[in-house]
Amino acid sequence: MIGVTVKKIVALCVVSLIGLASVADAASAPQKVERYQMAQHPFDFVPATKRSVPAWAKCPELWDKLRDAGWLEKDVVKADQIVWRESRCNPLAHNKQDPNTVAGVKGSLGLFQINLFWIQRTTYYPKGYLQTVLNRELMPADLFDVDITVSAAQALIVYDRAQGGCGWSAWLGC
């Protein structure tokens with residue numbers, strides 16, 4: 001009888017220690033992300049404590065969102081220029097002149113003016129390219145969401161670089 005109680009107490013202690021270790025691990029997660037990003041891009045990583053937005057930035061509110069999403073600093077600077085040119089920093093910008101139509105919506109949308117071509121279903125991407133890469137369902141209106149459009153633009157940059165481009169070919173930014 002006493003052996004069973006001791007086993008329960010030991011099990012409770014072990015579970016408590018695991019729980020405390022998980023809490024400590026979660027608390028140190030931001031530092032781990034920064035260390036990982038630093039290891040991946042040692043010459044282009046700006047820790048959160050040293051971040052600043054230059055006075056000449058066109059879309060200063062976007063800089064930390066891009067950095068938090070893991071963008072390289074050179075891409076943050078380029079994105080500032082592209083977003084200003086494409087949407088004047090307006091996340092609800094909509095160019096209805098672009099020819100692609102999805103779910104009855106035509107054009108390019110959001111900060112980066114992402115063309116709906118990227119969410120169309122195709123033979124190679126039956127869900128759509130961005131849906132496949134981002135692993136989520138997308139409707140045209142989702143491109144007005146800043147976090148989604150930042151992830152989508154980052155995916156397009158990675159795609160272009162994998163094809164041998166500068167990363168900004170979709171925006172004629174090379």
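All of the numbers you see were taken from the coordinates with simple rules; none came from a lab. Note that the structure is a prediction, hence the values are computed from the model and not measured.
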For segment 59-70, Karplus-derived ³J(HN,Hα) couplings (6.51, -1.76, 1.60; θ = phi - 60°; whole Hz; x for glycine and proline) come out as 10, x, 5, 8, 4, 5, 4, 5, 4, 5, 7, x
Within segment 45-171, pairs of Lys residues whose Cα atoms are less than 28 angstrom apart, provided they are eight or more positions apart or on distinct chains, add up to 18
Amide H neighbours of residue 127 at under 5 Å, excluding residues fewer than 5 places away on the same chain, with H built from the backbone geometry, are 122
